[in-house]
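Throughout, read-outs are computed from the coordinates displayed, never taken from laboratory work. Every value quoted in this text rests on a predicted model; they were computed, and no experiment measured them. As a convention, Cβ positions derive from the backbone with ideal geometry for all residues, glycine included, and neighbour counts pool all protein chains shown.
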Amino acid sequence: MNTDSFSAAQIRESVIAVPPLARDASLAICEQENRRMIRFLEAGGIRSLLYGGNAIFYHARLSEYQRLLQMLAESTSDETVVVPSLGPAFGLAMDQAAILREHAFPTAMLLPSRDAVDQTGIANGVRMLAEAVGKPLVLYLKFDRWLEPQLIQSLEQDGVISWLKYAVVRDDPARDDYLREVLDVFPAERVVSGIGEQPAIVHLRDFGVGGFTSGCVCVAPERSMQLMHAIHAGDFDAAEKIREWFCPLEDLRNEINPIRVLHRAVELAGIAATGPIQPFMSDLNQLDIERIETGLQQMKSTLS
């Protein structure tokens, strides 16, 4: 695992993969299958891994957190950055922060919550958690106006933000006043588009953010890296063709559920046995599984 302090250059060097977490039939973490997934991503050029929503860190047991962090640290190459998550509940996050402090991860992402929170309270909690971890945190902006720009600016001035994951879904990603206001107070090179390949071109080209996260990268890492390089090179026609190539799977994720579809797609693509999905989420029905298989076949048949 790459334990170097975060630099904005890392965001441009690799798509930030957001993998699912493989578990066995008893819901225990399956180290072997997670290693298979990581090796597949690294072989495709990925050097940044973010374990958050797709890995369902929201519902990870505190009793398994130490082992989970150790597994992630030991399963990656010396060139790969790993960002685990903590929270979303403050009490859980503080207990996790004490464990994270014992490890060499360069940062960790705070999972967002809309329950029993307010804006000033969130900002105060971020400061306390960053102090407890001993490092700046990744701030995950998943909900519109979850944290107003002036509070983000204050947190940045206090040195407690590593980078921002911006993942507010819009019908038209080019029309996003909140993102523009965030970029007025926070460096664009440390903002990451957090909704996969679909808005990546718009976010990087039109807003100037530094990079993007992806779940679908887990089934086609080389293809996702080609998209990133095309955007950075200004070859937007090539980038758009690659973005469209991901649509059969991305459309299903949007329609059904992004986490549930990706969890099963990684297994159906033969990359790793992801196992049962963790409660409070449910596995897909047979019809949806067949639709994922069809989407993967469509992508494979058009790969060039």
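Things to note:
- Comparing mean-square fluctuations of MET94, MET71, MET281 from a GNM of the chain with C-alpha springs under 10 Å, the top value falls on MET281.
- When the chain is treated as a Gaussian network with alpha carbon springs shorter than 10 Å, the biggest mean-square fluctuation among ASN254, ASN285, ASN54 belongs to ASN285.
- Beta bridge orientation in region 1-129: antiparallel %, DSSP, nearest 5: 10
- Backbone amide hydrogens, once placed in the peptide plane, bring ILE161 within less than 5 Å of LEU137, excluding anything fewer than 5 places away on its chain.
- Computed magnitude of the charge dipole of the chain (debye, nearest 20; Cβ of K, R +1, Cβ of D, E -1): 380
- The chain - share of DSSP beta bridges that are antiparallel (%, nearest 5): 5
- Once the C-beta distance of ALA116 and THR294 is scaled by a Förster radius of 41 Å, the resulting FRET efficiency is 0.50 to the nearest 0.05.
- Within the straight-line cut-off of under 17 Å between alpha carbons, the lysines reachable from LYS241 are LYS300, sequence neighbours fewer than 8 places apart in one chain being disregarded.
- Counting only lysines at least 8 places from LYS142 when in the same chain, those with an alpha carbon closer than 22 Å to its own are LYS165.
- Residue-by-residue Karplus 3J(HN,Hα) for region 84-90, coefficients 6.51, -1.76, 1.60, Hz, glycine and proline x: x, 10, 9, x, x, 5, 4
- Based on DSSP H segments of at least four residues, each scored -39500 (n - 2.57), the chain has a per-residue ellipticity at 222 nm of -14000 deg cm²/dmol.
- Sites listed here are GluC sites (Glu not before Pro) in region 1-86 whose DSSP assignment is loop and whose Cβ has at most 16 other Cβ atoms within 10 Å: GLU79.
- Burial ranking of peptide ranges 132-140, 181-189, 117-125 (average Cβ count within 10 Å, highest at the top): 132-140, 181-189, 117-125
- Phi to ³J(HN,Hα) by Karplus 6.51 cos²θ - 1.76 cosθ + 1.60 over region 115-122, Hz, x for Gly, Pro: 9, 6, 9, 9, 5, 5, x, 4
- Length-normalised contact order for the chain - Cα pairs under 8 Å, 6+ apart - percent: 21
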